[in-house]
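I am attaching a structure below and will ask some questions about it afterwards.
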Amino acid sequence: MSENYQPQSGNQDLWHTIFGPGHPDLNKQHRFHARLPRDPRCKLCFAPFEGLGGFYLRFKGKGRSNRNPNFCNACDGFLEAFPGGAEVEMSVIFVDIRNSTQFAEGAEPAAVSGRINSFLDAVTDTIVKSDGFILAFYGDCVVAVWPPGFSGLDHAAKAQTAARRLVQQGAAITGADGKAIPFGVGVHTGPIFIGTVQAARGLFRDISIFGHGVNLTARLAGAAQAGEALLSEAAVQAAGQGQDLPRRALELKGITGETTAYALG
């Protein structure tokens with residue numbers, strides 16, 4: 001994250017309700033908007049921006065925010081009125097392309113862009129179909145979460161399902177040259193602080209995640225071999241499945257002590 005972005009605090013009860021047990025009003029919007037075509041959607045209420053669903057909601061006065069195209073104008077208003085965040089038990093996934101620098105060195109910029117977009121499209125589709133919540137694209141990495149208020153109490157199992165499907169897709173995720181795009185996956189379940197971040201002078205707000213669990217997930221994704229997902233011990237225990245997977249003892253950069261991970265793929 002850029003140093004110009006600062007996490008904000010406040011409105012903890014409201015944020016915990018939204019991402020923890022789920023806010024009744026927002027849950028109704030999720031169910032309604034999920035039936036409307038199509039992606040891309042608002043990151044908070046899932047309102048579609050394109051297709052017939054987007055046309056219908058624009059007619060009703062709900063469209064992309066002028067300040068942040070990742071949110072609709074209603075949710076952008078919410079972030080402005082209720083900045084802050086809360087610590088919530090949830091599942092997190094990082095999906096990271098391998099050898100991007102090496103590929104970019106010998107490819108045209110348009111080919112690099114096309115390769116990353118193909119990857120992002122395929123990964124996003126798999127995560128969304130597993131009830132995941134796309135949080136951010138950091139270059140060639142996808143970050144997603146499964147908050148209980150959005151994804152249900154079985155969020156850990158759903159995150160593991162997404163990781164399994166990504167690994168199974170493997171060679172089917174290709175660039176324009178038809179070659180498979182290698183990537184690694186990290187999955188963790190635990191307490192995560194989710195909330196708003198603000199750019200300099202308050203010109204831009206977004207939602208991000210913070211804490212040890214975020215760093216652990218990123219390190220697991222980095223340690224995974226191409227075509228492999230590494231699940232933290234907490235993720236496996238929370239899902240109640242995966243205990244039969246091969247275990248690996250890892251020394252991860254910035255993580256104190258040895259980390260036990262379970263390997264998929």
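The values are calculated or read from the model by the stated rules, or taken from the named source; none is laboratory data. Model, not experiment: these values are computed from the prediction. Because the Cβ atoms are built from the backbone with ideal geometry, glycine has one as well, and the counts that use them run over all protein chains shown.
Regarding region 88-97, can at least one residue be identified that is of a type in the set (A, V, I, L, M), over 21 Å from S151 (Cα atoms) and under 17 Å from the mean Cα position of the chain (by Cα)?
Checked region 88-97: at least one residue is of a type in the set (A, V, I, L, M), over 21 Å from S151 (Cα atoms) and under 17 Å from the mean Cα position of the chain (by Cα).
Yes/no matrix, rows are residues, columns are (1) surrounded by 22 or more Cβ atoms within 10 Å (Cβ to Cβ); (2) under 15 Å from the mean Cα position of the chain (by Cα); (3) at pLDDT 95 or above:
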position: D125; (1), (2), (3): no, yes, no
position: Q160; (1), (2), (3): yes, yes, yes
position: R164; (1), (2), (3): no, no, yes
position: V167; (1), (2), (3): no, no, yes
position: F193; (1), (2), (3): no, yes, yes
position: V197; (1), (2), (3): no, no, no
position: F204; (1), (2), (3): no, no, no
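Quick one: which residue in F82, F59, F32 is closer than 29 Å to T161 by Cα and of a type in the set (F, W, Y)?
Sole residue among the options that is closer than 29 Å to T161 by Cα and of a type in the set (F, W, Y): F32.
Among the residues of region 90-114, write down those that are in contact with a Ser or Thr (Cβ under 9 Å, 6 or more places away or on another chain) and surrounded by fewer than 18 Cβ atoms within 10 Å (Cβ to Cβ).
V112
Which residue is modelled with the highest pLDDT, if the candidates are limited to region 1-40 and must be small (G, A, S) and more than 14 Å from F78 (Cα to Cα)?
G20
In region 88-115, which residues are in contact with a strand residue (DSSP E or B) (Cβ under 7 Å, 6 or more places away or on another chain) and either part of a helix (DSSP H, G or I) or hydrophobic (A, V, I, L, M, F, W, C) (or both)?
V88, M90, V92, I93, F94, V95, I97
Given (1) over 30 Å from A122 (Cβ atoms); (2) in contact with a Phe, Trp or Tyr (Cβ under 7 Å, 6 or more places away or on another chain); (3) buried (at least 17 other Cβ atoms within 10 Å of the Cβ); (4) not polar (S, T, N, Q), where does P83 come up short, assuming only one miss?
All conditions pass for P83, except number (2).
Only one residue in L220, L231, L216 is under 21 Å from the mean Cα position of the chain (by Cα) and either more than 21 Å from F183 (Cβ to Cβ) or in a strand (DSSP E or B) (or both), so which one is that?
After applying the criteria, what remains is L231.
With L52, L120 as the choices, which residue is more than 17 Å from F183 (Cβ to Cβ) and assigned to a helix (DSSP H, G or I)?
None of the other options fit; the residue is L52.
If you check every pair at least six apart or on different chains, which have Cβ atoms under 6 Å apart with a residue in region 126-154 that is touching a residue at least 12 places away in the same chain (Cβ under 8 Å) first and a residue that is of a type in the set (D, E, K, R) and part of a strand (DSSP E or B) second?
C141/D96
In addition: Which of the residues spanning region 142-186 are outside any loop (DSSP other than H, G, I, E, B) and under 20 Å from I207 (Cα atoms)?
Those that are outside any loop (DSSP other than H, G, I, E, B) and under 20 Å from I207 (Cα atoms): V142, V143, A144, V145, W146, P148, G149, F150, S151, H155, A159.
I'd like the full set of residues that are in a loop (DSSP other than H, G, I, E, B) and touching an Asp or Glu at 6+ places or on another chain (Cβ under 7 Å), limited to region 234-255.
E251
Next up: Checking S232 against (1) of a type in the set (G, A, S); (2) under 21 Å from N99 (Cα atoms); (3) at pLDDT 95 or above, which single condition isn't satisfied?
Checking S232 against (1) of a type in the set (G, A, S); (2) under 21 Å from N99 (Cα atoms); (3) at pLDDT 95 or above, the one that fails is (2).
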